[in-house]
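Quick notes on the structure that follows.
The values are calculated or read from the model by the stated rules, or taken from the named source; none is laboratory data. Small disclaimer: the values here were computed from a predicted structure and weren't measured. All Cβ positions, even for glycine, are placed from backbone atoms using ideal geometry, and neighbour counts span all protein chains on display. All accessible areas refer to the heavy atoms of the entire protein, side chains included, with ligands and DNA or RNA removed. Shrake-Rupley method; radii C 1.70, N 1.55, O 1.52, S 1.80 Å.
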Amino acid sequence: VGFAGMVKNGKILKAPNISDFDNKNLQRDLEKIFLAEVIVKNDAELAGLGEATFGAGKNYKILGYITWSTGIGGAKIVNKKIEDNFFGFEPGHSLFLISPYNIFSDKIYFEEVEKILGGKYIEKIFDKKPEEIKDRKFWKTLTKIFAGFLVNVSLFWSCEVIIVGGSFIKSIDFDELKINFENLKTMPVKTKILKSKLKDRPVLYGGLFYAKNFL
């Protein structure tokens, strides 16, 4: 089972967009329902694994996967395996510094990336679904901010390629995203930015690969 939230040992530690699941042992509950072994993983981890084995990342050793839709999730995959971690991967909850030009001002504050770029929050601000927004300037601005976030991902994860999936990639100019990424890089990294090849199905492919190889 792929679940959108922080998952550890089958328990949902935090589900930002479906908070009723917080602190619920989903794995145990599903095993009672299905009378079978159940494995619960973060959905972005399975999606990244799917892209690494059947999709755009199958020819790469070290890759990052980022999904951009209601929220922002992601995972790092190394040698066709979800990289060892302490609590999962939550890139969308990393912080952007938002401040006046003078960084020593008292007005400095931080915001989570997801609350700037996530579809749930954009809908709250504009009172319409993101896909209903047709303003080209809006999408150009959002694409540039997202590219800056991908620069951070490339530096933190040190990956050969970042694969981007999720519903938002249908609304942006992907070539423009790659150009912004190149222009915003702060180090001479050669990380590639690729579009998801499996579209809406990477979690299914990742789940299949995980079940066949790690259970």
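Net charge of the neighbourhood of Asn85, taken over other residues with C-beta under 11 Å away and scored Lys/Arg +1, Asp/Glu -1, is -2. List the aspartates and glutamates whose Cα sits under 13 Å from the Cα of Lys137, skipping any in the same chain fewer than 8 residues away. Excluding near neighbours in sequence, the set is Asp173, Glu176. For the stretch 130-182, the Stokes-Einstein estimate of translational diffusion at 25 °C and a viscosity of 0.890 mPa s comes to 210 µm²/s, using the Kirkwood hydrodynamic radius over alpha-carbon pairs. Dividing the convex hull volume of the alpha-carbon atoms in the chain by its residue count gives 145 Å³ per residue. Normalised per residue, the accessible area of the chain is 57 Å², obtained with a 1.4 Å probe and no contribution from ligands, DNA or RNA.
How many percent of the alpha carbon pairs in the stretch 1-126 exceed a separation of 24 Å? I get 40 percent for the Cα pairs in the stretch 1-126 exceeding 24 Å. With all protein chains in place and a 1.4 Å probe, the accessible surface of the chain carries 55 percent carbon and sulfur. Sorting Glu31, Glu176 on solvent-accessible area from highest to lowest, probe radius 1.4 Å, gives Glu31, Glu176. Largest GNM mean-square fluctuation among Ile39, Ile163, Ile18, using the chain with Cα springs under 10 Å: Ile18.
Take 186-197, 142-153, 126-137, 61-72 and order them by the average number of nearby Cβ atoms within 10 Å per residue, most first; the result is 61-72, 142-153, 186-197, 126-137. Taken as entire DSSP H runs, the helices of the chain that both span 18 Å or more between Cα atoms along their own long axis and average 0.0 or more on the Kyte-Doolittle scale are 136-157. For Lys58, a cut-off of 18 angstrom between C-alpha atoms picks up these aspartates and glutamates, skipping any fewer than 8 places away in its own chain: Glu45, Glu83, Glu160, Asp200. For Tyr65, neighbours were defined as the other residues whose beta-carbon sits under 10 Å from its Cβ, and their charges (Lys and Arg +1, Asp and Glu -1) total -1. Once the C-beta distance of Ile125 and Leu30 is scaled by a Förster radius of 30 Å, the resulting FRET efficiency is 0.30 to the nearest 0.05.
Here the dipole of the chain is about 500 debye; that uses its Cα centre as origin and unit charges on the Cβ of Lys and Arg (positive) and Asp and Glu (negative).
When only the Cβ of Lys, Arg, Asp and Glu is charged (+1, +1, -1, -1), the dipole of the stretch 1-88 relative to its Cα centre reaches about 220 debye.
Computed from point charges on the beta carbon alone (+1 for Lys and Arg, -1 for Asp and Glu), the dipole magnitude for the stretch 40-145 about its Cα centre is near 420 Debye.
Extending 7 Å from the Cα toward the beta-carbon at both Ala211 and Lys58 defines two label points whose distance is 1.9 nm.
DSSP bridge analysis restricted to the stretch 94-196 gives an antiparallel fraction near 50%, rounded to the nearest 5.
Here the chain carries DSSP beta bridges of which approximately 60% are antiparallel, counting only pairs with both residues inside.
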